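The values are calculated or read from the model by the stated rules, or taken from the named source; none is laboratory data. Since the structure is predicted, the reported quantities are computational estimates derived from the model, not experimental observations. Backbone-built Cβ (ideal geometry, glycine too); neighbour counts: all protein chains shown.
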Amino acid sequence: MLAVESEVKLVGHIGSIWKDDLTSLGAMWVEPAYRRAGVGRRLLDAILAWADEAHPTSAVRLGVFPTQEAAMRLYRERGFVATGKVFPLEHAPSVLWQEMLRRSARSSPEDPPVGQPDRGET
């Protein structure tokens, strides 16, 4: 987990888990008074740099609420694309989050698009 403090106050954090050759991001949060000040961008860039270095062949996955337009825009700017999959929030099943993926640092242009089946699958 990474965190950002300002004047001894937590203003943002992000976490990740690596399992089965997939880095999953979660728990990204920025204090409302610090939003749109680059905190989220710095957190995301730092954890993506770590993921690219520690697990260069691993894709990166995250979940986002479709109503969080600024977050989705940030994720798209960093190479994430929506897979089309939506999932219920565990503790609030009526709330859905959308999956987004970013290719691994070592993916090639010949790889199938993120969220699409491999050419060998049917």
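Considering only residues in the stretch 7-23 that are surrounded by fewer than 19 Cβ atoms within 10 Å (Cβ to Cβ) and not charged (D, E, K, R), the one that is farthest from LEU74 (Cα to Cα) turns out to be VAL8. Here the condition is being more than 24 Å from LEU96 (Cβ to Cβ) and either assigned to a strand (DSSP E or B) or touching a strand residue (DSSP E or B) at 6+ places or on another chain (Cβ under 9 Å) (or both); of LEU62, LEU44, LEU25, LEU10, it holds for LEU10 alone.
One line per residue, one yes/no per condition, for (1) in contact with a Phe, Trp or Tyr (Cβ under 7 Å, 6 or more places away or on another chain); (2) at pLDDT 95 or above; (3) buried (at least 18 other Cβ atoms within 10 Å of the Cβ):
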residue	(1), (2), (3)
GLU5	no, no, no
ALA51	no, no, yes
ALA59	no, no, yes
PHE65	yes, no, no
PHE80	no, yes, yes
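If the condition is being surrounded by 12 or more Cβ atoms within 10 Å (Cβ to Cβ) and more than 16 Å from ARG73 (Cα to Cα), then the stretch 26-47 contributes GLY26, GLU31, TYR34, ALA46, ILE47.
Figure legend. Inter-residue proximity from the stretch 50-70: first residues more than 18 Å from TRP18 (Cα to Cα) and aliphatic (A, V, I, L, M), second residues assigned to a loop (DSSP other than H, G, I, E, B) and modelled with pLDDT under 95, beta-carbon distance below 8 Å, spacing 6+ or different chains. Indicated pairs: ALA70/ARG35; ALA70/ARG36.
Only a single item in (1) part of a strand (DSSP E or B); (2) surrounded by 15 or more Cβ atoms within 10 Å (Cβ to Cβ); (3) touching a residue at least 24 places away in the same chain (Cβ under 8 Å) is not met by LEU74, and it is number (1).
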